[in-house]
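The values are calculated or read from the model by the stated rules, or taken from the named source; none is laboratory data. Note that the structure is predicted; figures quoted are calculated from it, not measured. A quick note on method: Cβ atoms are made from the backbone with ideal geometry, for glycine too, and the neighbour counts reach across all protein chains shown. With ligands, DNA and RNA removed, areas are computed over all heavy atoms of the protein, side chains included. Shrake-Rupley method; radii C 1.70, N 1.55, O 1.52, S 1.80 Å.
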Amino acid sequence: MHNHRHSLECILPEHMLEQIATKGSNAQKQMAMDNISVVYQLRAERAMRASLADLFAPTMPRAADGGKERIVYDVKRGTSLPGTAVRREGDPASADAAVNEAYDGSGVTYDLYKEVYGRNSINNNAMRLDSSVHYRTGYDNAFWDGKQMVYGDGDENLPAEDRLFNRFTIAIDIIGHELTHGVTQFEAKLVYSQQPGALNEHMSDVFGSLVKQYQSRQTAAEADWIIGAGLFTPNVNGVGIRTMKAPGSAYDDPVLGKDPQPAHMKEYVSTPSDNGGVHINSGIPNHAFYRAAMEIGGYAWEKAGMIWYVTLRDKLGENSNFQQCADFTHQTAGELFGSGSLEQQAVKNGWAGVGIAIGGETPEPKGCLEATLRFLGAA
Amino acid sequence: MDVERIKFERTGGFAGIRLAADFDVSDLPDDLSQTLRELLNALDFPELPARLTNSESVPDSFTYVITVEAGKWHHTVITGDAPENENMQELLELLNRLARKKIKKH
């Protein structure tokens, strides 16, 4: 069954398997060997999927003038993507707020990547930015389907007093978040599971947040660092979906429960749900970025953002974990701003603040070791 | 299959907020339990594979886990949004609404 895949990666990290395969009892060795081959199978599968993605990459629609081209589609509450084109590049504003938000938000996201990081759209090859709004009814979500952004209207189908979510285009950082999933798909290709998946989410939150700060020309100190501010209706006790400043405190509500994000490795959540907690554990690197950006000061997209962007583009791979992300951002900061620079120091301090030492060995998330031993019959 | 209980869980999504409900079909209003039975029959639920769609490759998509119980028999299906399957879409929307109502009561 497919969902075993998610837990397998948590339960049986490869290095641990290798350790057991060399040092365990005979029975343990056999089990470890069996599972190592599964891990290798998964890796081969992923490599194949990644190369397929590369194969399809050239077919991505390209902007007519090789620069910025946006199209917003209306799915009219249906599911057939992309829907009817309702606003094209250069068209005047629509009467539909969701259409304008998708258009403007993808525009600012394009501008940040182009003006600050020298990247020409999602694939760095003028890929057209397609967005579909009004997806299904009562769809309280937004996602990146591998080719385009898709936005629901929240729970517009419920009576006003029961509604928890507004339309998902309402917060520009959600738009930057979805588009950044596209950038990650073309660069680091972080697997959407466990720590690589949480890093995938982290990158989307970082650049989503930077799009919002860039639009408002806010410094790190002026920014609220909230992801999805304005998405909740007044019925919810919360300021947004996540906060990079204080993960775990975005909402605490009788209906939705409490924001489950940790801000430190010692609170890392081991769970098979949500592809291994990709939207939960992203709180840890999110907070490291926030700390680094605050220490550097000024506009966060200029230095901290550049360090993270170059790391995403050039260093991270599909199976990278938090420790590697920390080490790579530290290395990149040294390359961009000098070894021992204030910027590099800030990156080091940022990660230290969430329990990750540069060049160190992040302790295995709690629960994983136990589960492994249980699985192998040793505990 | 005379369905008695349904367990429903939705995880993932941009917000990463879990939505779950566990209810007796007999507690539902007649029209709803009727619709539910019809949808499960139309889907031939007991014959569905344990994993319908792969949501791992779609960032921020939802993952749904539906368990249907009848006496000692039970079957669990994991699926993504399944936009190509109209009956599954209807079932997911109905279960979502029921889960939201259920939470509201507490």
For the stretch A:186-220 the number of residues that are acidic (Asp, Glu) and open to solvent by less than 20 Å² (accessible area, probe 1.4 Å) is 2
When the stretch A:84-108 is checked residue by residue, the ones that are over 15 Å from residue A:168 (Cβ atoms) and either touching a helix residue (DSSP H, G or I) at 6+ places or on another chain (Cβ under 8 Å) or not hydrophobic (A, V, I, L, M, F, W, C) (or both) are A:84, A:86, A:87, A:88, A:89, A:90, A:91, A:92, A:93, A:94, A:107, A:108
Screening A:164, A:129 for residues that are within 14 Å of chain B (Cβ to nearest Cβ) and either charged (D, E, K, R) or in contact (Cβ under 8 Å) with a residue 24 or more places away in the chain (or both) leaves only A:164
Of B:63, B:53, B:67, the only residue that is polar (S, T, N, Q), within 11 Å of chain A (Cβ to nearest Cβ) and assigned to a strand (DSSP E or B) is B:63
Among helices (runs of 4 or more DSSP H) entirely inside the stretch A:221-312, those with 1 or more residues being under 22 Å from residue A:117 (Cα atoms) and open to solvent by less than 40 Å² (accessible area, probe 1.4 Å) are A:283-296, A:304-310
**Request:** Answer yes or no as to whether residue A:197 is within 25 Å of residue B:19 (Cα to Cα), facing another protein chain (nearest Cβ under 10 Å) and over 14 Å from the mean Cα position of the chain (by Cα).
**Result:** no
Within the stretch B:3-19, is even one residue away from chain A (no Cβ under 14 Å), modelled with pLDDT of 90 or more, outside any loop (DSSP other than H, G, I, E, B) and more than 17 Å from residue B:95 (Cα to Cα)?
no
Check your understanding: Of the residues that make up the stretch A:279-297, is at least one hydroxyl-bearing (Ser, Thr, Tyr) and closer than 17 Å to residue A:189 by Cα?
Key -> yes
Being within 14 Å of another protein chain (Cβ to nearest Cβ) and β-branched (Val, Ile, Thr) narrows A:109, A:137 down to just A:137
Scanning the stretch A:272-286 residue by residue, the ones that are touching a Pro at 6+ places or on another chain (Cβ under 9 Å) and more than 9 Å from chain B (Cβ to nearest Cβ) total 4
Restricting attention to the stretch A:92-124, the residues that are part of a loop (DSSP other than H, G, I, E, B), of a type in the set (Gly, Ala, Ser) and within 20 Å of the chain's Cα centre (by Cα) number exactly 1
Q.
Regarding the stretch A:173-185, can at least one residue be identified that is within 12 Å of chain B (Cβ to nearest Cβ), assigned to a helix (DSSP H, G or I) and open to solvent by 20 Å² or more (accessible area, probe 1.4 Å)?
A. yes
Residue A:257 touching a residue at least 12 places away in the same chain (Cβ under 8 Å) and of a type outside the set (D, E, K, R): no
Just one listed residue, out of A:240, A:208, is without any contact (Cβ under 8 Å) to a residue 60 or more places away in the chain and within 11 Å of chain B (Cβ to nearest Cβ), and it is A:208
